[in-house]
Amino acid sequence: MGPIGAVLILLIIFGSISGVILGLVQLTNRNKERMAIISKGADPSLYKDEFMRYSNLPLIAGIFLIGIAVGIIVGNLLYYRTNAFQNEAASYFFSILFFGGVSLLLATYIDRRKKKSGK
């Protein structure tokens, strides 16, 4: 493993730890704010609207990851089965970006259709 691999591993570890810490801080702050609203006698359903804004995040993330997986497979096929690209990295890069973008467009379309139907 070269120096680039070591840097990537450190970035992944640092990003994971930071994400967990930020997630825990967000959860504790949200809980404290909700408890303060309840103690003042206000309606705690105000947070429901904020939560519903991100309710389709698993759908979008799942479709995006499927698009990336399809991009990796197509990039492999483009490089090894055809002569479309002379560079292996270019075939993977192109297909991952292309299918990732298509999957985000598909997720946006599904999300809008879901919101229009009221489900």
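In the chain, the longest principal axis of the Cα atoms and the axis of helix 57-80 are about 0 degrees apart. Computed on the chain, with alpha-carbon pairs under 8 angstrom and 6+ residues apart, the relative contact order is 21 percent. In summary, the chain shows an alpha-carbon radius of gyration equal to 1.55 times the 2.2 N^0.38 Å reference for compact globular proteins.
Evaluated with a Cβ-only charge set (Lys, Arg +1; Asp, Glu -1), segment 54-119 carries a dipole of roughly 540 debye about its Cα centre, given to the nearest 20. Computed about its Cα centre, the charge dipole of the chain is approximately 580 debye, with only Lys, Arg, Asp and Glu carrying charge at their Cβ.
Bear in mind that the values in this text are calculations on the coordinates, not laboratory data. No experiment lies behind these values; they were computed from the predicted model shown. Neighbour counts run over all protein chains shown; Cβ positions are idealised from the backbone, glycine included.
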